[in-house]
Amino acid sequence: MKIIPYGKQCIDNLDIAEVIKVLKSDWITQGSKISEFEAALAKYCGVKHAVAVSSGTAALHAAMNAIGISPGDEVIVPPITFAASANCIVYQGGTPVFSDVESSTLLLDPKKVESKITQNTKAIIAVDYAGQPCDYGSLRRIASKHSLALVSDACHALGAKYKGQRSGSLADLTIFSFHPVKHITTGEGGMIVTDNMDYVDCMRIFRNHGITADTHQRKKQGSWVYEMVNLGYNYRITDFQSALGNSQLQKLPQFLQRRRAIARKYDKAFTLSSKITPLIVNANVFHAYHLYVVKIDFKVLGIDKASLFTSLQEKGVAVNVHYMPVYLHPFYRNKFNSKLGLCPIAEAVYEQIISLPIFPNMTDEDVNYVIENVLNLVK
């Protein structure tokens with residue numbers, strides 16, 4: 001039986017050829033392909049600088065380190081996101097403060113953010129859920145008013161736009177992920193883009209064990225001497241990953257075009273159903289559609305979410321759920337004593353949401369098969 005995954009990489013012979021070139025070269029890590037990839041993505045986003053790392057999670061961690069999050073600090077973050085969006089705060093000894101989302105978009109609700117700010121608040125992490133940018137106009141005003149760093153977790157939103165401005169240029173730091181289900185892939189990998197050179201310097205040291213001079217700098221200086229000035233990590237990305245990323249980036253426009261075409265097909269099919277509600281797309285954004293999420297009121301239908309999930313899986317439609325509110329994971333319950341009722345909207349929508357398959361190589365036949373099976377099961 002054919003399985004249609006919720007997401008999948010799209011790699012062609014051109015991508016493979018670029019990786020092979022690097023594998024045959026002298027430098028497969030800490031070489032020039034990394035800076036080429038950084039420069040290409042920074043230019044695409046319309047910012048000055050980029051720092052490539054080993055994963056989106058590493059990118060989040062490096063960003064938290066760059067803005068100086070430490071024990072006692074609080075960072076506001078939405079609960080409907082992958083755990084890494086909050087974990088990066090905990091890595092630095094900080095405390096995630098969960099602020100509820102808008103029911104129609106599942107994006108951080110700016111109207112609720114300000115009430116969460118205390119004298120310990122240092123930053124806001126805005127998550128561009130499913131590929132739709134948050135309300136950065138409102139969040140920027142709040143951040144500026146309270147002298148907070150504004151960080152964009154745009155791991156879902158490479159290529160998205162808010163009021164004509166591309167994701168990557170909307171916050172103090174923006175994080176991207178290159179996991180295989182994302183818009184472009186390097187296998188595993190991540191990037192932080194910013195206009196702030198101080199952040200860049202900090203993050204480049206952080207990704208290299210906290211060491212100030214890398215291999216190339218020592219060679220140029222004719223010296224073996226290096227100094228570890230801070231506690232850092234090995235968060236380096238490789239050259240062959242960067243070569244793949246560079247090749248993938250050239251195809252991003254067509255990847256986005258196909259994702260949006262699939263979303264339009266879903267929209268058309270499900271607006272005819274009173275039982276399925278796609279998330280709202282705001283008028284001032286260009287949605288990148290990492291995910292296509294619908295809400296189904298299972299209580300009204302009298303069917304069980306787990307049963308629908310299993311039935312679709314059995315038919316080869318590998319749906320998923322993004323996400324359980326982060327603070328309901330056992331780690332957060334145990335460490336921060338978080339409980340049900342903290343973010344009522346997030347908890348309510350979690351009971352309703354299903355992510356449907358969407359990826360560039362998905363055929364129209366695949367899309368129609370998903371639509372047919374979803375509609376049949378909710379009748």
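Taking H placed 1.01 Å from N in the peptide plane, check which residues at least 5 places from Asn208 or on another chain put their amide H under 5 Å from its amide H.
Close amide H contacts, sequence-distant or interchain: Tyr233, Tyr235.
Kirkwood hydrodynamic radius, region 131-220, all distinct C-alpha pairs: what's the number in Å?
14.8 Å
Taking θ = phi - 60°, what integer Hz values does the Karplus form 6.51 cos²θ - 1.76 cosθ + 1.60 yield along region 299-314, in sequence order, with x for Gly and Pro?
5, 5, 6, x, 10, 9, 4, 5, 5, 5, 4, 5, 4, 5, 4, 5
Post the alpha-carbon centroid distance, region 125-168 to region 68-105, in whole angstrom.
15 Å
Taking GluC sites (Glu not before Pro) as candidate sites, keep only those in a DSSP loop with at most 16 other Cβ atoms within 10 Å, then name the longest stretch of the chain containing none of them.
1-226
For Leu107, list long-range residues whose amide hydrogen, built 1.01 Å from N in the peptide plane, is under 5 Å from its own amide hydrogen.
Answer set, sorted by chain and number: Glu102.
Go through Leu231, Thr185, Ser25 and say which Cα lies farthest out towards the positive end of the charge dipole of region 13-250; charges sit on Cβ, +1 for Lys and Arg, -1 for Asp and Glu.
Ser25
Let me know the shape class of region 252-378, please: from the alpha-carbon gyration tensor, a ≥ b ≥ c as square roots of the eigenvalues, rounded when a/c is under 1.5, otherwise prolate if a/b is greater than b/c, or oblate.
Taking the square roots of the gyration eigenvalues as a ≥ b ≥ c, region 252-378 is prolate.
Given the Cα-Cα distance of Glu114 and Lys2 and 0.36 nm per residue of separation, how much length would full extension add, in nm?
That pair, Glu114 and Lys2, stretches by 35.5 nm at full extension.
Going by Cα centres, region 323-379 and region 1-37 are how many Å apart?
Using only Cα atoms to place each centre, the spacing works out to 30 Å.
Would you grab the residues whose amide H sits under 5 Å from the one on Thr29? Only those 5+ places off in sequence or on another chain, please, with H modelled 1.01 Å from N.
Answer set, sorted by chain and number: Asp239.
Treating the beta-carbon of each Lys and Arg as +1 and of each Asp and Glu as -1, no other charges, what is the dipole magnitude of the chain about its Cα centre, to the nearest 20 debye?
360 debye
Efficiency by 1/(1 + (r/R0)^6): what FRET value for Lys24 and Gln254, r their Cβ-Cβ distance, R0 = 22 Å, to the nearest 0.05?
Given R0 = 22 Å and the Cβ-Cβ separation, E is 0.20.
Measure nothing fancy, just the Cα-based angle from helix 136-145's long axis to the longest principal axis of the chain, in degrees from 0 to 90, nearest 10.
With both axes taken from Cα atoms, the answer is about 50 degrees.
Within region 299-371, report the trypsin sites (Lys or Arg not before Pro) that DSSP leaves as loop and that have at most 10 other Cβ atoms within 10 Å.
Sparse-neighbourhood loop trypsin sites (Lys or Arg not before Pro): Lys339.
Tabulate in residue order the Karplus-calculated ³J(HN,Hα) for region 336-346, using 6.51 cos²θ - 1.76 cosθ + 1.60 with θ = phi - 60°, rounded to whole Hz; enter x for Gly and Pro.
Rounded to whole hertz, the list is 10, 6, 6, 9, 4, x, 5, 9, x, 5, 4.
From the phi of every residue in region 260-273, what ³J(HN,Hα) in whole Hz does the Karplus formula 6.51 cos²θ - 1.76 cosθ + 1.60 yield, where θ is phi - 60° and glycine or proline is x?
Residue by residue, region 260-273 yields 5, 5, 5, 4, 5, 5, 4, 3, 4, 6, 8, 5, 7, 9 Hz.
Pop a pseudo-label 7 angstrom from the Cα along the beta-carbon direction at both Glu36 and Asn334 and give the gap in nm to one decimal.
Those two pseudo-labels are separated by 4.6 nm.
Which of the lysines could be linked to Lys122 by a straight reach, that is with a Cα gap under 27 Å, when you skip same-chain ones fewer than 8 residues away?
Reachable lysines: Lys48, Lys111, Lys112, Lys145, Lys161, Lys163, Lys335, Lys339.
For the chain, with a Gaussian network of springs between Cα atoms less than 10 Å apart, report the residue from Asp26, Asp297, Asp73 with the top mean-square fluctuation.
Asp26
Over the Cα atoms of region 1-45, what is the Rg over Rh ratio if Rh follows Kirkwood?
Using only Cα positions, Rg/Rh for region 1-45 is 1.14.
Specify whether the C-alpha gyration tensor of the chain places it in the rounded, prolate or oblate class, a ≥ b ≥ c being the square roots of the eigenvalues: rounded for a/c under 1.5, otherwise prolate if a/b is larger than b/c and oblate if not.
Here the chain falls in the oblate category.
Determine which lysines satisfy two conditions relative to Lys275: a Cα distance under 24 Å, and not lying fewer than 8 residues away in the same chain.
Partners found: Lys265, Lys295, Lys299, Lys305, Lys315, Lys379.
Once the other residues with Cβ under 15 Å from the Cβ of Asn13 are scored (Lys, Arg +1; Asp, Glu -1), what is the net sum?
Here the count lands on -1.
Values in this text are rule-based calculations from the coordinates and carry no lab data. Note that this is a predicted model, so its numbers are computed, not measured. Quick reminder, even Gly has a Cβ in these numbers, built from the backbone with ideal geometry, and neighbours come from all protein chains shown.
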